[in-house]
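Please read the structure below before turning to the comments.
The values are calculated or read from the model by the stated rules, or taken from the named source; none is laboratory data. Remember, predicted model here, so these are calculated numbers, not experimental data. Cβ placement follows ideal geometry from the backbone for every residue including glycine, while neighbour counts extend to all protein chains displayed.
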Amino acid sequence: MRIGMFVAETSHRNPRTVADTIESARRAERLGLATAWVPHVPWSLDALTSLALIGQQTSRIELGTAVVPIWSRHPYAMAQQALTTQAASNGRLLLGIGPSHQVVAENWYGVPYEGVIGHMREYIDVLEACFAAQEAANTQDHGPGGYGGSIDYIGERFSTRALIDVPGSTSAPIYLAALAPMMLKLAGERSAGTITWMGDERTHAEHVVPLLERAARGAGRPTPRVIAGLPIAVCDDQARARDVAETMFGVYRNIPAYSRMLERGEAQSPADVALVGTEAQLTHRIEAFGSAGVTDLCAFVFHVSDDTRVRTEAFLESLC
């Protein structure tokens, strides 16, 4: 299993500056972690901008967005920014995107959430067309006519006739935040992997992985990566850690997509999903996620006591 962690804050309790986030990513690379992830939430930084900056200060670690809501920008704009981030990071970007939730689409961005699967399909169509145009520009001396690769896409939701040529860039793998059956099917058919949140071992073993594998097999593709986002705190006082986890993450039981993830597993609450306890206890749970088919851990380290972060990061380093 690849071991990675969030390097920007997913909780509003301790927002990090640009400098904090860059240093956190550099520390993750020094620890030997495989991936560094930046969320895209109101109290954090723009994910792609952050990773472009991080890419200039790191050399090896994969850099992922977990995840950018598709409503935040047109797919051509998403592609151009992703290609720029890809160039800045020397080809290490994992482009995590997702439909987020109805409240995000309609309240944050003022767009209807209805028909989200069709919207996502076309969104991926445009992204892939843009990335193909970039590859054409790379192999054909800046594309036909020397002005970049051409994009000519006409769909029900998007129409894009444009050129693109981001110097020094290559196409980026697309990862989908997929929890529901239809989105997991799309992820298996079209993406490099899925990114989950609030799913326990059983939810991954009996829901996420089988649906993803079936869709990939039907499309004649290998099974994509399964990246499990999980809160984690290595500590001796497991009861206190569970209390902290419930305070921090209890809100997720009120969000329909996450409450359904909890219902599919054995977890009764977000605190049950969180990885809390000693190194030995967490090693056992992480092995169980691996047995369920999870290929990547995206750890959100949360504070329980003064030594939590140092101890948890040392534990993640040992897993590498």
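Consider segment 266-289 and keep the residues that are touching a residue at least 60 places away in the same chain (Cβ under 8 Å) and closer than 23 Å to Pro39 by Cα. The one that is surrounded by the fewest Cβ atoms within 10 Å (Cβ to Cβ) is Asp272.
Kindly establish whether Thr283 is among the polar types (S, T, N, Q), under 21 Å from the mean Cα position of the chain (by Cα) and closer than 22 Å to Ile195 by Cα. In short, no.
Per-residue answers, yes or no, for (1) of a type in the set (A, V, I, L, M, F, W, C); (2) assigned to a helix (DSSP H, G or I):
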| position | (1), (2) |
| --- | --- |
| Asp272 | no, yes |
| Ala280 | yes, yes |
| Ile286 | yes, yes |
| Phe289 | yes, yes |
| Gly293 | no, no |
| Ala299 | yes, no |
| Val304 | yes, no |
| Glu313 | no, yes |
| Ser318 | no, yes |
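Any residue at all in segment 104-120 that's in contact (Cβ under 8 Å) with a residue 40 or more places away in the chain and small (Gly, Ala, Ser)? No, the conditions are met nowhere in segment 104-120.
Residues in segment 1-54 that are under 20 Å from Ala228 (Cβ atoms), charged (D, E, K, R) and touching a helix residue (DSSP H, G or I) at 6+ places or on another chain (Cβ under 9 Å): Glu9 alone.
For the condition within 12 Å of Val294 (Cβ to Cβ), hydrophobic (A, V, I, L, M, F, W, C) and modelled with pLDDT of 95 or more, what is the one hit in Ala233, Ala241, Ala205? Checking each option against the conditions leaves just Ala205.
So that you can scan it fast, the table gives a plain yes or no per residue for (1) in contact (Cβ under 8 Å) with a residue 40 or more places away in the chain; (2) more than 23 Å from Pro256 (Cβ to Cβ); (3) out of contact with any Ser or Thr (no Cβ under 6 Å at 6 or more places or on another chain):
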residue: Ile151; (1), (2), (3): yes, yes, no
residue: Arg157; (1), (2), (3): no, yes, yes
residue: Ile164; (1), (2), (3): yes, yes, yes
residue: Thr170; (1), (2), (3): yes, yes, yes
residue: Pro173; (1), (2), (3): yes, yes, yes
residue: Leu179; (1), (2), (3): yes, no, yes
residue: Met183; (1), (2), (3): yes, no, yes
residue: Thr196; (1), (2), (3): yes, no, yes
